[in-house]
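Some notes on the structure that comes next.
Read-outs throughout are calculated quantities, based only on the coordinates presented, and are distinct from any laboratory measurement. The model shown is predicted, which means the values in this text are computed figures rather than measured ones. So basically every Cβ, Gly included, is an ideal-geometry build from the backbone, and we count neighbours across all protein chains shown.
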Amino acid sequence: MLKVEYHGHSCVQLSDGEHSLIIDPFLTDNPAAVADPDSIRVQHVLLTHAHTDHIQNAVQIAKANDATLIAIHELATYMSWQGIKTKDMNIGGKLSLGFAELQMVQAFHSSGIIDHGKQEIVYAGMPAGFIIRWNGHTILHAGDTNLFLDMKLIGERNAIDLAFLPIGDLFTMGPEDAAVAAEWLRAKLVVPVHYDTFELIRQDGGAFVDLLQARGIEGKALRPGEQITLD
């Protein structure tokens, strides 16, 4: 059994009852979030890339839980300077957590930490996604990405039970490209993320599910705070 909770935007928490991890925690400035960062209990924090809407509460949650933050090498190094435990990896690599295995896969986006006061941008490595193998389930969090042909290869090499795909457009792929991505990835269930948080990425999650259904793919648009269970 694996419990999946959607916290809004691209933030997802997975738990088997004993172990838990959170991906891209963005809660404080997320107008749709219903969870308080102080209520999150996890052993690991995963980051797909360094934009504020994916890392805002990462250090806070890691410190409160004495959790290990996992990210691409440059971002993990930067985060280690904030006084938290980190584990770095890179695209294509695998990492065992004991109870689950992670594999970092590519995403096409950008990644950097922007200091508006200093007018500086800190390079934070390449953006990425995660394949998570846990309790017999294979889950893909694609991170922020566009549609790219190697999604077919990822789908061919992994029996994906659940995929989280961005649909917001403007900063990531939109619903039409995300539907093609879902088809290429061969996911059994697709949940849209990275949409509706702000006006610039307003999309209709139900309409996206209809696009998937027309392709013979099951989709489910979750509300922030909503949970599903993988048996």
Handout entry: Listed peptides 6-15, 169-178 by packing density, highest first (mean Cβ within 10 Å)
Key = 6-15, 169-178
Practice task
Report the one residue of Ala35, His116, Ser15 whose Cα lies farthest in the direction of the positive end of the charge dipole of the chain (charges on C-beta: Lys and Arg +1, Asp and Glu -1; origin at the Cα centre).
Solution key: Ser15
Fill in the blank from the handout: For segment 69-157, shape from the Cα gyration tensor axes a ≥ b ≥ c, cut at a/c of 1.5 then a/b versus b/c, turns out oblate
Problem - Longest site-free stretch - the chain; sites: trypsin sites (Lys or Arg not before Pro), DSSP loop, at most 16 other Cβ within 10 Å - result: 42-117
Practice task
State, as an integer percentage, the relative contact order of segment 2-220 based on alpha-carbon contacts under 8 Å between residues 6 or more apart.
Solution key: 13
Problem - Under 17 Å from the Cα of Lys63 - lysines, other chains or at least 8 residues apart - result: Lys85, Lys87
Practice task
Please give every one of the lysines within straight-line cross-link reach of Lys152, meaning a C-alpha to C-alpha distance under 18 Å, and leave out same-chain neighbours fewer than 8 residues apart.
Solution key: Lys188
Exercise for the section: Measure off 7 Å from each Cα along the Cα-to-Cβ vector at Asp66 and Phe108, then give the distance between these two points in nanometres to one decimal. Expected result: 4.4
Completion exercise
Using alpha-carbon positions, the gyration tensor of segment 137-231 gives root eigenvalues a ≥ b ≥ c; with a/c under 1.5 called rounded, otherwise prolate if a/b exceeds b/c, else oblate, the class is oblate
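Could you tell me the calculated FRET efficiency between Arg202 and Thr52, based on Cβ-Cβ distance and R0 = 25 angstrom, to the nearest 0.05?
0.85
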Completion exercise
Taking Cα pairs closer than 8 Å and at least 6 residues apart, the relative contact order of segment 92-231 in percent is 16
Exercise for the section: Answer rounded, prolate or oblate for the chain, using the Cα gyration tensor with square roots of eigenvalues a ≥ b ≥ c: rounded when a/c is under 1.5, else prolate when a/b is larger than b/c, else oblate. Expected result: rounded
Handout entry: Amide N of segment 81-109 lying under 13 Å from the label point, which is placed 7 angstrom from the Cα of His19 along Cα→Cβ
Key = 95-103
Handout entry: Signed unit charges on C-beta, dipole axis of the chain, positive-most listed residue Pro224, Ile70, Trp184
Key = Ile70
Handout entry: Under 5 Å, built H, 5+ apart or other chain: amide partners of Leu46
Key = Ile22, Ile23, Asp24, Ile70
Problem - Cβ charges +1 (Lys, Arg) and -1 (Asp, Glu), total dipole of segment 2-220, debye - result: 620
